[in-house]
Amino acid sequence: MISIDRQQQLLLNVARKLKKKITVYAVGGTAMMFLGYKDSTLDIDLVFENEKDRNLFKEAIKSIGYQEMDAIKVYGIKRNTPEMFKLDDERFDLFVVEVIDFIFSDNMRKRAEQIHQFEDSLVVKIADPHDIILMKCATDRIKDKDDARKIINSIKIDWDIIINEAKNQIELGKTKAAFELGEFLEDLKVNMKLEIPQKVVNKLFDIVKKQIK
Amino acid sequence: MKDLLQKLSGIQTIESIKDILKVNKSMAVYYVYSLRKKGYVKTKRQGNKRIYNISINNKLKGESYYDIINQYSPIKLSIPIIYKIYGKKPSLEETLIYAIKTKSLRTILASLVLFKRINDWAELYRLAKENHVERQVGALYDLARKIMKVRRMNKKFRNNSLPKKEYKYQYIIQDLKSKDFSEIEKTWKIYLPFNEKDLEEYK
């Protein structure tokens, strides 16, 4: 597990090895740690704006000893899995624009207001909690449901942001976005007894119905 | 601990903690102690009262441009967004450029004080050029000179930054012009967002 202090030290070490200034977006457990929802995470999940930046980052982490590993072991056979790098029990999951079934959209980038800069070369923008929930439904592991639960129980969720982003994802070509999100939220509501308004789930399935027609 | 942190996040006193958690004074003190031990608490004294700033960001350490402005400026800013920097102390030059780029009236106003301490004009020019705000820096410097004793701007900065004939006027904050500092505006072809009254907090 990676603690908050360790995560900072790691990112600082990477920043020192980077050859050019880059901006990345922290999602998943990493973002949750920066936002105060978690004390530790299994992996550092980052989204890059382009392949060039990911390559620069890869070079930097390889130079401090990280080795590539097979994403199928963790994510199964899915599209847009990250490139993964491991050193002992610490892992980086590196995505470019697409996170499994979602696109890290312009709206998501705009919502990522919190910034953490490591030395001069690494700028980490933190995904908004609403977008973290959305992306958690793409991976659909038990720990992801638990993470979504933590966020939903901690802040007042603006469900319109989530519904509108699902619509946006469909426009961007991710046609299953509303369906997957609807299923995910319904599961959280029924099995984890979370307070998710039924009308939110209904709205998402209405979008799906319209898509079918 | 996470629940406790979430409940108490923000500015607190022992009394407010007692109210929120519905506990007695010694338990409230104990909760502050345990949060402080984890690095979540910054304490300030106001008279004989202790004010606790409780936040996850205190544990994240790092320094923000707003911390630096607040350190030097008589005009204090509440922190609108989290922008933390790790592994280095942000320079005053960087802080000034950041302040200008926020396009926030109060942030820019509070940052004028930095001209008192800026002495690496080459670095300031490099950063200003990189961010296309050389004239904005020049105009704000001339404004700061009117209200406080500042370090002398080096000639190279001034000469390289003054506008050419064909340059058009630019705003620092969209649509805000000054009624009182038109001379400076004319020199730099930059509209200043302040009038004399705005600068009273410096006097």
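Every number here is computed from the coordinates shown, using simple stated rules; none is lab data. Quick caveat: nothing in here was measured; it's all calculated off a predicted structure. Here the Cβ is made from the backbone with ideal geometry for all residues, glycine too, and neighbour counts use every protein chain on show.
For B:Asp198, are the conditions met, namely being surrounded by 14 or more Cβ atoms within 10 Å (Cβ to Cβ), of a type outside the set (Val, Ile, Thr) and in a loop (DSSP other than H, G, I, E, B)?
Spelling it out, it is not the case that B:Asp198 is surrounded by 14 or more Cβ atoms within 10 Å (Cβ to Cβ), of a type outside the set (Val, Ile, Thr) and in a loop (DSSP other than H, G, I, E, B).
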Subject >> In region A:110-133, residue nearest to the other protein chains (Cβ to nearest Cβ) [restricted to those that are of a type in the set (Val, Ile, Thr) and in contact with a Lys or Arg (Cβ under 8 Å, 6 or more places away or on another chain)] >> reply: A:Ile115
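Name the residues in region A:130-158 that are basic (Lys, Arg) and outside any helix (DSSP H, G or I), would you?
Selection gives A:Arg141, A:Lys156.
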Original post:
Right, A:Tyr66: surrounded by fewer than 23 Cβ atoms within 10 Å (Cβ to Cβ) and of a type in the set (Ser, Thr, Tyr) or not?
Top reply: yes
Original post:
Does at least one position in region B:41-63 carry a residue that is closer than 22 Å to B:Gln174 by Cβ and in contact with a Leu (Cβ under 9 Å, 6 or more places away or on another chain)?
Top reply: no
**OP:** Determine the pairs where a residue that is loosely packed, with under 14 Cβ neighbours inside 10 Å, located within region A:178-197, has a partner that is of a type outside the set (S, T, N, Q) with Cβ atoms under 6 Å apart, the partner being 6 or more residues away or on another chain.
**Re:** none
Subject >> Residue count, region A:98-109 (criterion: touching a strand residue (DSSP E or B) at 6+ places or on another chain (Cβ under 9 Å) and either over 15 Å from A:Ala31 (Cα atoms) or within 14 Å of chain B (Cβ to nearest Cβ) (or both)) >> reply: 1
Subject >> Selection within region A:154-172 - over 11 Å from A:Asn107 (Cβ atoms) and of a type outside the set (Asp, Glu) >> reply: A:Ser154, A:Ile155, A:Lys156, A:Ile157, A:Trp159, A:Ile162, A:Ile163, A:Ala166, A:Ile170
Original post:
Here are some conditions: (1) closer than 30 Å to A:Asp5 by Cβ; (2) in a loop (DSSP other than H, G, I, E, B). A:Glu195 meets all but one. Which one does it not meet?
Top reply: (1)
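Can you confirm whether B:Gly39 is on the phi > 0 side of the Ramachandran plot and more than 24 Å from the chain's Cα centre (by Cα)?
Taking the combined requirement at face value, the residue does not satisfy it.
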**OP:** Mind listing whichever residues of region A:134-157 are more than 14 Å from chain B (Cβ to nearest Cβ) and over 18 Å from A:Phe102 (Cβ atoms)?
**Re:** A:Ile142
**OP:** Could you look through region B:130-160, keep only residues that are more than 20 Å from the chain's Cα centre (by Cα) and more than 21 Å from B:Glu185 (Cβ to Cβ), and pick out the one that is surrounded by the most Cβ atoms within 10 Å (Cβ to Cβ)?
**Re:** B:Asn154
Original post:
Would you pick out the residues in region A:9-45 that are within 9 Å of another protein chain (Cβ to nearest Cβ) and in contact (Cβ under 8 Å) with a residue 40 or more places away in the chain?
Top reply: A:Leu11, A:Leu12, A:Ala15, A:Arg16, A:Phe34, A:Leu35, A:Tyr37, A:Lys38
Original post:
Is it fair to say A:Ile151 is surrounded by 15 or more Cβ atoms within 10 Å (Cβ to Cβ), in contact (Cβ under 8 Å) with a residue 60 or more places away in the chain and not aromatic (Phe, Trp, Tyr)?
Top reply: yes
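Residue by residue, here is whether (1) touching a helix residue (DSSP H, G or I) at 6+ places or on another chain (Cβ under 6 Å); (2) small (Gly, Ala, Ser) holds:
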| residue | (1), (2) |
| --- | --- |
| A:Glu83 | no, no |
| A:Arg91 | no, no |
| A:Asp106 | no, no |
| A:Ser121 | yes, yes |
| A:Lys136 | yes, no |
| A:Asp158 | no, no |
| A:Ile170 | yes, no |
| A:Lys176 | no, no |
